[in-house]
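**Q** Here it is: the structure, laid out below.
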Amino acid sequence: MSKDRFIQIESKNALVELLREGRDFERIYIASSAYRDDKTKEIVKLAGEKKIPILRVPRKALQRRLRSSSSESVVGMMFSQNQWDLNELLESIYNEKKIPFFLIFDDIKYTQNIAAIMRTAFATGVNGIITHPSNVNLVTDETIRISMGAAERIPLVEMNLFMAVKKLKEEGVKIYGLHMEGETYFKADLTGPIAFVLGAEDSGISSGMLERVDKMLSIPMREGIGSLNVSASAAVIMYEKLRQEVS
């Protein structure tokens, strides 16, 4: 893995989840006047067990650090290494005897959507998200906060999407794209190795990717509604796969 970076975590819930998983924090700031709620107590306890430095600072000094909130009293500086090679990730999935379950982001732009999809993806067992190389990191303090830490917990792969699809097909992974003209999603077999292609909010899946999917899936809509938000569509299809796998 590569592309190491520090990320500022401004959510107590995300901090607790990431600390429980053993993620590497450089330090944690706590406002000197912070109210000792249960979350803050657990953060202090977990950080102490892992020998992570805790710095107590004036609340005003902490507030100057905040990017997404003006009221948070705990901030963690996390060392993120969530950047995977696809071959490496597939090997890890097979070693853990899991079934490949991927999402492919075809130019999804909005942070709120990206984070919401990540949160649902983690809940439904997605074990990899693939996106094209970009100067913008998907793992940020904001996506971690909105996704409740899932942005750092689901392996991310940045690579040419066409090459990713080619590799996944070689591994027997079905490539399904969400598109209004596709087969009704609950009539399709979604069991086994699979990757769902999710298109951009404004234009959907690109023509190049549509040419490469094995099947297009659609979500029925009442007359007058063209489509769901991409994060809502993703949630529907991910939970349908989960339903089929456990039924």
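**Q** Within the range 100-108, is there a residue that is part of a strand (DSSP E or B), acidic (D, E) and closer than 30 Å to E170 by Cβ?
**A** Yes, the range 100-108 contains at least one residue that is part of a strand (DSSP E or B), acidic (D, E) and closer than 30 Å to E170 by Cβ.
A quick yes/no check of all residues on (1) among the polar types (S, T, N, Q); (2) buried (at least 19 other Cβ atoms within 10 Å of the Cβ); (3) in the same structural domain as I108 (by TED's automatic domain parsing); (4) within 22 Å of the chain's Cα centre (by Cα):
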residue: T184; (1), (2), (3), (4): yes, no, yes, no
residue: L228; (1), (2), (3), (4): no, no, yes, yes
residue: I237; (1), (2), (3), (4): no, yes, yes, yes
residue: E240; (1), (2), (3), (4): no, no, yes, yes
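**Q** Quick one: in the range 66-95, of everything that is assigned to a loop (DSSP other than H, G, I, E, B) and surrounded by fewer than 17 Cβ atoms within 10 Å (Cβ to Cβ), which residue is nearest to the chain's Cα centre (by Cα)?
**A** Per the criteria, the residue is Q81.
**Q** Turning to a different aspect of this structure: Looking only at the range 176-198, count how many residues are small (G, A, S) and in contact with a helix residue (DSSP H, G or I) (Cβ under 7 Å, 6 or more places away or on another chain).
**A** Within the range 176-198, residues that are small (G, A, S) and in contact with a helix residue (DSSP H, G or I) (Cβ under 7 Å, 6 or more places away or on another chain) number 2.
**Q** Here is a further query. Restricting to the range 76-118, name every residue that is out of contact with any strand residue (DSSP E or B) (no Cβ under 7 Å at 6 or more places or on another chain) and among the hydroxyl-bearing types (S, T, Y).
**A** Scanning the range 76-118 gives S92, Y94, Y110, T111.
**Q** Ok, one more. What number of residues within the range 164-211 are acidic (D, E), within 27 Å of I93 (Cα to Cα) and touching a residue at least 40 places away in the same chain (Cβ under 8 Å)?
**A** Selection size over the range 164-211: 2.
**Q** Next question, about the same structure. For the range 136-143, indicate whether the set of residues that are touching a His at 6+ places or on another chain (Cβ under 6 Å), without any contact (Cβ under 8 Å) to a residue 60 or more places away in the chain and crowded, with 18+ Cβ neighbours inside 10 Å is non-empty.
**A** no
**Q** Only one of (1) free of Cβ contacts under 8 Å to residues at least 24 places away in the same chain; (2) polar (S, T, N, Q); (3) within 25 Å of K166 (Cβ to Cβ) is not met by S247, so which one is it?
**A** (3)
**Q** With the range 111-202 as the region, which helices (runs of 4 or more DSSP H) entirely inside it contain at least 1 residues that are at pLDDT below 95?
**A** Because the criterion is at least 1 residues that are at pLDDT below 95, the helices (runs of 4 or more DSSP H) in the range 111-202 that meet it are 111-124, 141-146, 150-153.
**Q** Condition check: surrounded by 20 or more Cβ atoms within 10 Å (Cβ to Cβ), part of a strand (DSSP E or B) and not assigned by TED's automatic domain parsing to the domain that holds R153. Does I43 satisfy that?
**A** no
**Q** Please pick out the residue among Q112, Q63 that is surrounded by 15 or more Cβ atoms within 10 Å (Cβ to Cβ) and either out of contact with any Leu (no Cβ under 7 Å at 6 or more places or on another chain) or not assigned by TED's automatic domain parsing to the domain that holds R145 (or both).
**A** Among Q112, Q63, only Q63 is surrounded by 15 or more Cβ atoms within 10 Å (Cβ to Cβ) and either out of contact with any Leu (no Cβ under 7 Å at 6 or more places or on another chain) or not assigned by TED's automatic domain parsing to the domain that holds R145 (or both).
The values are calculated or read from the model by the stated rules, or taken from the named source; none is laboratory data. Just so it is clear, the structure is predicted and the values come from calculations on it, not from any experiment. All Cβ positions, even for glycine, are placed from backbone atoms using ideal geometry, and neighbour counts span all protein chains on display.
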